[in-house]
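First up is the structure itself, then whatever we jot down about it.
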Amino acid sequence: MTALTLTLNPVTPPGATGRQTANRRILQSMRERLAPYAYIAPFFLLFAVFGLFPLLFTFYVALFDWDPIGEHRYVGLQNFRVLMDDPRFWGAMRNTFSIWVLSTVPQLLVALGIAHLLNNVRLRAATFFRMVVLVPYVTSVAATTIVFAQLFDRDYGLLNWFLELLGFQHIEFTASVWGSHLMIAAMVAWRWTGYNTLLYLASLQAVPRELYEAASVDGANGWQQFRRISIPALRPIIVFTVVTSTIGGLQIFTEALLANPSGGLSCGAARQCQTLTLFLYEQAFGRFHFGYGAAVGVALFVIVVIVSTINYLLATRIRWERP
Amino acid sequence: MKAPNRTPRTTYVLLGIMALLSVFPLYWMFVVATTDTASATQLPPRVLPGGNFLHLAGLVFDTVPFLQALLNSIAVAAAVGAGQATLCALAGFAFAKLRFPGRNTLFLIVVLTMTVPAQLSIIPQYLIMSQLNWVDTLQAVIVPGLVSAFGIFWMRQHIASVIDDELMHAATVDGASTWQIFWRIAFPLVRPAAFVLGLFGFVTAWNDFLWPFIVLKSPDRYTVQIAIKALQNNRDIDLGLAMSGSFLATLPLLVLFILVGRRLVQGIMDGAFKG
C-alpha cells in the first residue's frame, strides 16, 4: 500500500529501494499498455452514447406508442403495420427518391465535365476556378434555401421574371410536385457540384499524362479521350459519390423545411415535397409521436443497409475488374 | 497545323459560367440584403446592391439575438473543430503506430460506423439529451461532434505515411512515453492535416441545421442557422431581413474561405471528404 502511494509520485526519492523501482516499472508499463485504449476511448465512448445506443433504441421506441411527456404503451409491430399502409410515408419516399434523382444525375454529370476541363495543365487561373466552385459548399444550407426560395418565387422570383421575358407563364414552383422537387434538387445540386468536381479532379490527376498524349498522337479527340481514359479511371470515385449522394439524399431536411415556409412541416398542403427525414421530424417533434417517428427511422435504416450492400457489391466488382 | 499548346476558349467560357453560377446566389443574397423589400420585389430586378445594408443588418440584430447567435456558432464550431483536430489525431496515432490487442477489430468497427447516418436516430438522441439535462444547451451540439470516424480514418492514413517506425523505435529506446511521442513528435508532423480536418469540422458544425434545430429551444441559445430560420418566420413582413440574416450568417465563413479556402480545396483533393 505504502509502496503504491510512493510510486504514484512521479519523482522517486533518491535512494528508493529496488522494490519501489520495480513497482514503478510495472505501473509505467501498465500505463503504456493501456495508453492506446485511452487514445481511442473518446470515439468509442461518444459513439456508444450518441451513435450506437440511439440506433438500437430507435428499434425499441418503434415498438411503442411513445408520448414524450405522457406514457409509453407497448404496441408490438403496430407502428410498422400502420407505416406500410400510410400514404404519407410512401409519398415522402417518392419525394425523396425523385429529389435524389433530379439532383444527383445532373450534379454528377456536370461535375464530371468541369473536372475534365479543370484537368488541363495549361489552364490559367486554375486555383481560382478550383476555389470558386467550392464556394457553395461553405454556404450554409439554410442561407442557400432562403435565396433559392426567392429566386424561384412565383411573383417576384428572378427565374419567373426570366420565363416571362421568354414569353412563358409564371410557374408556382412550390405548389406542384415537379416544381418543388426541381427547386429543392437545384439547391442540392448547387451545393455539391463543385465538391464532387474536386473529387473527380483528384482522381483524374492520378491518371498518367502520357496516356492522354499517346491517345492524342493516335488521333483520339477530346471526347474519345474523356470516354476511354477518364471515365474508366474515375469509376471507383463515381461509385463513391453516388453512394454518398444517396445517403445524403435520404437526409434532405433543411431544404424541404425552409423552401416552402408557408407549407409548414409537411412542405405544402399536398405534402408535395415532404422528404422522409422531414416526415420523421414532423411525426416525432411536430406531433410528438415518438414511436411512429422511430418506425420511420427504422425504415430509413433498412434503406441505408440496402444501399450500402449494393455499394459493397459494386465496389468489389470494380476491384475484380481491375488488372 | 493545330496549336495543341493553347487551351480552347470554350474551356474558359464554360468554366466562367460555372464560376458565375457558383457565386450568383450569394451575390443576389447581398443585393437583396442591401435593399428594402419594395425594391427586392421590383421587376425587372435590380442588379446592383443598394445602400440599405447597415439599416437591415441593424434590424436583424434587433429582431433576433443575432450577436448571441454568432457567438454561439463560433463557440460550437471552434469547439468541434478543435476536438476533431486533436481527438481524431490521437486515435489515428494509436491505430497507425501503436500495437495493442484488438487493434484491427476496433479499427474495422470505426470504419463500419461511417455508413450509418446519425439522422435516423434523432429521437433516442433527443431522449438521451433530456436525460442528461442537456436540452437547450450548447454542449448538446458540441459533444457528439467532437470526434468522428472519418477523421480517425483520415488521420490514421496521414500518420502512417508521415511517421516511420524507425523514428518511433528510436524515441522509445530513448525512453519517451507514447504520450510524449504523440505530443512532441507525431502531432507536430501532422499538424497541417489536423488543421484541415479541424476546418472541415468547423464548416460542418457552423452550417449544421437539423440537430441544433431540435435541441436548442430558447432564442439566446440559437446558432446563426436557427436564427435565420426564426427570421424567415417573418418573411412576409420583410424578405430583405431574412436575406440580410443569411448574408450575415454566411459572411464569417466566406472570410474564412478566402483566407484558407486553398487548403480546403487541397484537403478534398487529398481525400478529406466526409463519408
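The values are calculated or read from the model by the stated rules, or taken from the named source; none is laboratory data. A quick note: this is a predicted structure, and the numbers were derived from the prediction, not measured. Here the Cβ positions follow ideal geometry from the backbone for every residue, glycine too, while neighbour counts run over all protein chains shown. Note: accessible area is taken over every heavy atom of the protein model, side chains too, but ligands, DNA and RNA are not part of it. Shrake-Rupley method; radii C 1.70, N 1.55, O 1.52, S 1.80 Å.
Values as computed for the structure displayed
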quantity	calculated
Boolean, A:Arg19 is open to solvent by 50 Å² or more (accessible area, probe 1.4 Å), touching a residue at least 12 places away in the same chain (Cβ under 8 Å) and part of a helix (DSSP H, G or I)	yes
Sole exception among (1) free of Cβ contacts under 8 Å to residues at least 40 places away in the same chain; (2) closer than 30 Å to A:Leu265 by Cα; (3) surrounded by fewer than 21 Cβ atoms within 10 Å (Cβ to Cβ) for A:Ala175, by number	(1)
The range A:254-282, subset of a type in the set (Ser, Thr, Tyr) and more than 7 Å from chain B (Cβ to nearest Cβ), residue farthest from the chain's Cα centre (by Cα)	A:Ser262
Residue count, the range B:102-129 (criterion: open to solvent by less than 50 Å² (accessible area, probe 1.4 Å) and modelled with pLDDT of 90 or more)	13
Odd one out for A:Trp190 among (1) closer than 30 Å to A:Cys267 by Cβ; (2) touching a residue at least 60 places away in the same chain (Cβ under 8 Å)	(2)
Matching entry among A:Arg94, A:Arg122 (being under 26 Å from the mean Cα position of the chain (by Cα) and of a type in the set (D, E, K, R))	A:Arg94
Within the range A:100-172, helices (runs of 4 or more DSSP H) holding 1 or more residues that are more than 7 Å from chain B (Cβ to nearest Cβ) and at pLDDT below 90	A:141-151, A:158-165
Filter pass, B:Val135 being surrounded by fewer than 20 Cβ atoms within 10 Å (Cβ to Cβ), touching a residue at least 12 places away in the same chain (Cβ under 8 Å), out of contact with any strand residue (DSSP E or B) (no Cβ under 8 Å at 6 or more places or on another chain) and closer than 20 Å to B:Ala75 by Cβ	yes
Tally of residues being under 21 Å from A:Ala270 (Cβ atoms) and open to solvent by 70 Å² or more (accessible area, probe 1.4 Å) across the range A:146-170	2
Qualifying position, being open to solvent by 40 Å² or more (accessible area, probe 1.4 Å), of a type outside the set (Gly, Ala, Ser) and not in a helix (DSSP H, G or I), among A:Arg271, A:Arg228, A:Arg317	A:Arg271
Test: residue in the range A:29-46 that is modelled with pLDDT of 90 or more, open to solvent by 60 Å² or more (accessible area, probe 1.4 Å) and in contact with a Phe, Trp or Tyr (Cβ under 8 Å, 6 or more places away or on another chain)	yes
Breaking point among (1) free of Cβ contacts under 8 Å to residues at least 24 places away in the same chain; (2) in contact with a Ser or Thr (Cβ under 7 Å, 6 or more places away or on another chain), for B:Gln232	(2)
Test: residue in the range B:157-167 that is more than 10 Å from every other protein chain (Cβ to nearest Cβ), part of a helix (DSSP H, G or I), among the charged types (D, E, K, R) and surrounded by fewer than 19 Cβ atoms within 10 Å (Cβ to Cβ)	yes
Residues located in the range A:47-78, provided they are under 30 Å from B:Leu98 (Cα atoms), open to solvent by 40 Å² or more (accessible area, probe 1.4 Å) and at the interface with chain B (Cβ under 9 Å from one of its Cβ atoms)	A:Phe47, A:Val49, A:Leu52, A:Phe53
Residue, nearest to B:Thr137 (Cα to Cα), within the range B:212-226, restricted to residues that are assigned to a helix (DSSP H, G or I) and open to solvent by less than 30 Å² (accessible area, probe 1.4 Å)	B:Val215
Residue in the range A:182-201 that is farther than 28 Å from B:Leu248 by Cβ, in a helix (DSSP H, G or I) and within 7 Å of chain B (Cβ to nearest Cβ) present	yes
Filtered residue count, the range A:283-297, keeping only those that are within 12 Å of chain B (Cβ to nearest Cβ) and either under 19 Å from A:Met183 (Cβ atoms) or open to solvent by 10 Å² or more (accessible area, probe 1.4 Å) (or both)	5
Residue match in the range B:257-266 (condition: open to solvent by 10 Å² or more (accessible area, probe 1.4 Å), under 21 Å from B:Gly145 (Cβ atoms), basic (Lys, Arg) and at the interface with chain A (Cβ under 8 Å from one of its Cβ atoms))	no
Residue match in the range A:200-223 (condition: among the β-branched types (Val, Ile, Thr), touching a residue at least 12 places away in the same chain (Cβ under 8 Å) and closer than 30 Å to A:Val298 by Cβ)	no
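Here is a yes/no grid of residues against (1) within 26 Å of B:Lys217 (Cβ to Cβ); (2) out of contact with any Cys (no Cβ under 9 Å at 6 or more places or on another chain):
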{"residue": "A:Ile252", "(1), (2)": "yes, yes"}
{"residue": "A:Asn260", "(1), (2)": "yes, no"}
{"residue": "A:Tyr281", "(1), (2)": "yes, yes"}
{"residue": "A:Tyr312", "(1), (2)": "no, yes"}
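Let's see how each residue does on (1) among the aliphatic types (A, V, I, L, M); (2) open to solvent by 50 Å² or more (accessible area, probe 1.4 Å); (3) assigned to a helix (DSSP H, G or I); (4) farther than 14 Å from B:Gln84 by Cβ:
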| site | (1), (2), (3), (4) |
| --- | --- |
| B:Ala176 | yes, no, no, yes |
| B:Pro192 | no, yes, yes, yes |
| B:Phe195 | no, yes, yes, no |
| B:Leu199 | yes, no, yes, no |
